[in-house]
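Beneath this line is the structure, given in structure tokens, with notes to follow.
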Amino acid sequence: MRLTIVGCSGSGPGPASPASCYLVEHDGYRLLLDLGNGSFGALQALADPATVDAVFLSHLHADHCLDVAPFVVWHRYSGRSTRQLVPMYAPVGAERRLALAYDADGEGLTDVFDFVPVGAGSLELGPFVAELARTAHPVECYAIRLSAGGRSLVYTGDTGASDAVVELARDVDVLLAEAAHPDVPDLPPALHLTGREAGEHAAAAQAGRLLLTHVPAWIDREAQLADARAVFPASELVEPGATYDV
Ligand SMILES: [Zn+2]
Ligand SMILES: [Zn+2]
């Protein structure tokens, strides 16, 4: 299984990275996790959009889904799309929400996507067995565990401290975890993880490796990393364009 970071800027695009988008590949199958603002541009430097087999959206906050619009434009007008429907796994309401993000008529995107509403539980995504767990976030959001070829990856989506995410990540090889909150007092609950909390989740789950992502442009990345490493030494910050063998 191979993971490529398309975009990793938290809460919106930053000067050095688009918002959230990750390409996961196995056995020639290509799955996109989230399509945040700016990510479709970066994606084109990493993979031919025609070869994306399916899309999973963790939730419908703008920084995780708004580049569905240029993805649709590309499929409709580039002349390079195979015109096969792309399975779109996303929380209930995605079809309507994304249609309205595309245009005010909200005429629909079903000429490009086959919308599959998701919930907690398991499903098959090409060669992957996928398990989803609801996270601690103000809107319906799912963390996803992908297993294939005896290896496993968990992507947290957006979450505050969550036992469900720890359980989903139990013994995972790679935990790709958000770390959006700085270590300051009086943080709102059930929203984001601090660097330390991301490390604590990795340690509690006995993950093999922690990849920190979704750090907003206005937050000190090195501080997030230091906070995570203090409790889970096998932590690193992801970079746009980086590839990891899971
Ligand atoms: Zn986010
Ligand atoms: Zn969010």
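The values are calculated or read from the model by the stated rules, or taken from the named source; none is laboratory data. Nothing here was measured: the structure is a model prediction, and the numbers come from that model. So basically every Cβ, Gly included, is an ideal-geometry build from the backbone, and we count neighbours across all protein chains shown.
Observations, loosely collected:
- Condition check for S162 on (1) within 16 Å of ligand 1 (Cβ to nearest atom); (2) small (G, A, S); (3) surrounded by 24 or more Cβ atoms within 10 Å (Cβ to Cβ): one failure, at (3).
- Residue that is nearest to ligand 2 (Cβ to nearest atom) [pool: residues in the range 180-191 that are surrounded by 12 or more Cβ atoms within 10 Å (Cβ to Cβ) and without any contact (Cβ under 8 Å) to a residue 60 or more places away in the chain]: L191
- Evaluated against (1) within 23 Å of D245 (Cα to Cα); (2) more than 16 Å from ligand 1 (Cβ to nearest atom), P87 falls short on exactly one condition, (1).
This table checks each residue for (1) within 16 Å of ligand 1 (Cβ to nearest atom); (2) buried (at least 16 other Cβ atoms within 10 Å of the Cβ).
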site	(1), (2)
E107	no, no
D114	no, no
P138	yes, no
S147	no, yes
L168	no, yes
L176	yes, yes
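- Listed conditions (1) closer than 21 Å to A226 by Cβ; (2) away from ligand 1 (no atom under 16 Å from the Cβ); (3) surrounded by 19 or more Cβ atoms within 10 Å (Cβ to Cβ); (4) not hydrophobic (A, V, I, L, M, F, W, C) are all met by S152, apart from (1).
- L32 passes every criterion in (1) assigned to a helix (DSSP H, G or I); (2) more than 13 Å from ligand 1 (Cβ to nearest atom); (3) crowded, with 23+ Cβ neighbours inside 10 Å; (4) not β-branched (V, I, T) apart from (1).
- Residue within the range 21-30 that is touching a residue at least 12 places away in the same chain (Cβ under 8 Å) and more than 23 Å from V154 (Cβ to Cβ) present: no
- Residues satisfying the stated conditions in the range 56-77, i.e. in contact (Cβ under 8 Å) with a residue 12 or more places away in the chain and more than 16 Å from ligand 1 (Cβ to nearest atom): A69, P70, F71, V72, W74, H75, R76
- Qualifying positions in the range 178-188 - part of a loop (DSSP other than H, G, I, E, B), within 16 Å of ligand 1 (Cβ to nearest atom) and more than 28 Å from G149 (Cβ to Cβ): A180, P182, L187, P188
- A104 meets all of the listed conditions (1) over 22 Å from A19 (Cα atoms); (2) at pLDDT 95 or above but one, namely (2).
- In the range 213-234, residue farthest from S9 (Cα to Cα) [restricted to those that are crowded, with 16+ Cβ neighbours inside 10 Å and within 16 Å of ligand 2 (Cβ to nearest atom)]: I219
- Taking residues in the range 222-246 that are within 21 Å of D171 (Cβ to Cβ), and partners anywhere that are among the basic types (K, R) and in a helix (DSSP H, G or I), the pairs with Cβ atoms closer than 7 Å and at least 6 places apart or on different chains are A228/R196; V231/R196; S235/R229.
- In the range 41-92, the residues that are crowded, with 20+ Cβ neighbours inside 10 Å and among the hydroxyl-bearing types (S, T, Y): S58, Y89
- Residue in the range 18-26 that is within 11 Å of ligand 1 (Cβ to nearest atom) and at pLDDT 95 or above present: yes
- Members of the range 1-21 found to be of a type outside the set (V, I, T), surrounded by fewer than 24 Cβ atoms within 10 Å (Cβ to Cβ) and assigned to a strand (DSSP E or B), listed by number: R2, L3
- Flag for V174 being more than 15 Å from the chain's Cα centre (by Cα) and of a type in the set (V, I, T): no
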